[in-house]
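The values are calculated or read from the model by the stated rules, or taken from the named source; none is laboratory data. Just so we're clear, the structure is a prediction, and the values are computed from it rather than from any experiment. Quick reminder, even Gly has a Cβ in these numbers, built from the backbone with ideal geometry, and neighbours come from all protein chains shown.
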C-alpha cells in the first residue's frame, strides 16, 4: 500500500481523527490532509517520525509499499485492515452508506448488551 493508504489505515485502527493527529504531532491539519489525498505529497522525515510515534507504528510501516501491520493490542486489527482496503475502493456515496450501516450494527449490538433479561429468564 502507498503512504496515504497506510496512514488512512492506521488512523482507522487507532480510531483517531485527522485533527487529533494534527494536535498530537504539531503538524498542520492541512498538511496531513495533503498526505491523505491520493497522489498526495510525502511527509518529511521529521513529520513521518512524529506521525509514526503518535500512531504507535514504525516509519517503515507508514512508508512501506506493503500491507501495514496492525496494532497487536486491537483484537480486530485484521478485520479493520480488510474494511479499510475495501472502503478505499468505494465511491463516497457507497462508503457513507457502509459506514451508516456499520454504525447501526454497532448501536444494535450495544443495545442488546445493555438490555435486561426478561423476568422469566433471570436467575433466581
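If a residue must be at pLDDT 65 or above and assigned to a helix (DSSP H, G or I), how many such residues does the stretch 58-85 contain?
Residues flagged as at pLDDT 65 or above and assigned to a helix (DSSP H, G or I) within the stretch 58-85 amount to 12.
Residue check, residue 27 against (1) closer than 19 Å to residue 16 by Cβ; (2) in a helix (DSSP H, G or I); (3) at pLDDT 85 or above, all met but one. Which one?
(2)
In the stretch 12-24, which residue that is modelled with pLDDT of 90 or more and under 25 Å from residue 83 (Cβ atoms) is surrounded by the most Cβ atoms within 10 Å (Cβ to Cβ)?
21
Within the set of pairs 6+ apart or on separate chains, which have a first residue in the stretch 14-42 that is free of Cβ contacts under 8 Å to residues at least 40 places away in the same chain, a second that is surrounded by fewer than 14 Cβ atoms within 10 Å (Cβ to Cβ) and assigned to a helix (DSSP H, G or I), and C-beta atoms under 6 Å apart?
Pairs that qualify, where the first residue is free of Cβ contacts under 8 Å to residues at least 40 places away in the same chain and the partner is surrounded by fewer than 14 Cβ atoms within 10 Å (Cβ to Cβ) and assigned to a helix (DSSP H, G or I), are 29/19.
Here are the criteria: (1) exposed (fewer than 13 other Cβ atoms within 10 Å of the Cβ); (2) modelled with pLDDT of 85 or more. Tell me which single one residue 55 does not satisfy.
Condition (1) is where residue 55 drops out.
Does any residue of the stretch 30-41 turn out to be in a helix (DSSP H, G or I) and buried (at least 20 other Cβ atoms within 10 Å of the Cβ)?
Yes: the stretch 30-41 contains one or more residues that are in a helix (DSSP H, G or I) and buried (at least 20 other Cβ atoms within 10 Å of the Cβ).
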